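This report refers to the structure that appears directly beneath it.
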Amino acid sequence: MDIKSLNKEELKELMKGMGQPAFRADQIYRWLHVELVRDYDSMTNISKELRNRLKNEYPLTVLKKARMQESAIDGTRKYLFELPDGNYVESVFMRYKHGNSVCISSQVGCRMGCRFCASTLDGLERNLEPSEMLDQIYAITVDTGERISNVVVMGTGEPMDNLDNLLKFIKLLTDENGLNISGRNITVSTCGIVPGILELAKHKLTLTLALSLHATTDEKRRKLMPIANKYSIQELMDACRYYYEETGRRITFEYSLVGGVNDTEEDAVQLSHLAGRLGSHVNLIPVNPIKERDYTRGNDESIRAFKDRLEKNGINVTVRRTLGGDIDASCGQLRRKAMEEKKSV
């Protein structure tokens, strides 16, 4: 049993089973999710006997900082964390005027196979537990000494491929007895697993759902994203409409601009049509080149022209601000580098 993945009621049941009073659960929960302690010995109002028993029976899930790169340009930090089983995940800490954001991973590796993404090159190793998603935020909070106000589940992995653990993670993260981060300050990104979108909609959460669209026709999307072989753009749009109707939360379209592939004027017109039907915000992402693929970033002029075309068509659009340009900022690059170094030893 992973004690950091338990909600307060589940923790109370565990304490009851251990012959402990219910208030012990309140104490332990606060140590884990408010004080963000890294070991049981730091729980000073818990008896030594109970601390030792917890250590032996329920080892704490704590991520070890294996590597950290900090941008000299803007202070963005890219973290490589080692999990208890020796696997690695990446997280990114970003400072904005509206508060600090952390982008976390939801899986070790990814099986979605998107052609422009380094996260998927070695496939999926396993899902992350709720505690392992949480502790990326907790470890960064402790390391920086700064409060996190926004969380983006957009790092390595496909959140809808780990939906049960994602839902538990969100419940813990938004719990008023924990970090109490507003659901409106949480963004979850998906490459377009339709059943996952439909299931998430049923929970009527206040989070922002971001769809990694990246192409405006099924033919182009299949070349960039293997998931498009399973779900058509029309099926995606139907799922997005259902999500909006159930939650009242508009979908954001993430659109990675790949030079000469999906950044034509025709693409801009078609994207305007898709986004306009749902009133969606479009977030343009100039693609980060990776050495294993031949996709390249378009020039600034083509990016600006694409954005202007969307705006002329009445679409709310932004170009993602480039942070950490002098470090391994693209998803999966730092983890892949560490794996290659481990293999060469």
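Here's a check for you: in the stretch 202-242, which residue that is in a loop (DSSP other than H, G, I, E, B) and of a type in the set (A, V, I, L, M, F, W, C) is surrounded by the most Cβ atoms within 10 Å (Cβ to Cβ)? Checked the stretch 202-242; the qualifying residue surrounded by the most Cβ atoms within 10 Å (Cβ to Cβ) is 213. Restricting to the stretch 179-188, name every residue that is closer than 15 Å to residue 136 by Cα and in contact (Cβ under 8 Å) with a residue 40 or more places away in the chain. Across the stretch 179-188, the qualifying residue is only 179. Taking the criterion of being assigned to a helix (DSSP H, G or I) and of a type in the set (A, V, I, L, M), the residues of the stretch 300-323 that qualify are 303, 305, 310. Within the span defined as the stretch 291-309, every residue fails to be modelled with pLDDT of 90 or more, basic (Lys, Arg), loosely packed, with under 14 Cβ neighbours inside 10 Å and under 24 Å from residue 187 (Cα atoms).
Taking the conditions exactly as written (under 11 Å from the mean Cα position of the chain (by Cα) and of a type in the set (S, T, N, Q)), does residue 131 satisfy them or not? Here the answer is no, as residue 131 does not meet what is asked. Please enumerate the residues belonging to the stretch 243-286 that are part of a strand (DSSP E or B) and more than 17 Å from residue 116 (Cβ to Cβ). Selection gives 252, 281, 282.
Residues are listed down the side, and each one gets a yes or a no for (1) modelled with pLDDT of 95 or more; (2) surrounded by fewer than 19 Cβ atoms within 10 Å (Cβ to Cβ); (3) closer than 23 Å to residue 211 by Cβ:
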position	(1), (2), (3)
80	yes, no, no
106	yes, no, yes
111	no, yes, yes
147	yes, yes, no
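If only residues of the stretch 113-128 that are under 14 Å from the mean Cα position of the chain (by Cα) and modelled with pLDDT of 95 or more are counted, the one that is surrounded by the most Cβ atoms within 10 Å (Cβ to Cβ) is 128.
The values are calculated or read from the model by the stated rules, or taken from the named source; none is laboratory data. Everything quoted here is computed from the prediction, not taken from an experiment. Cβ: placed from backbone, ideal geometry, glycine included. Neighbour counts: every protein chain shown.
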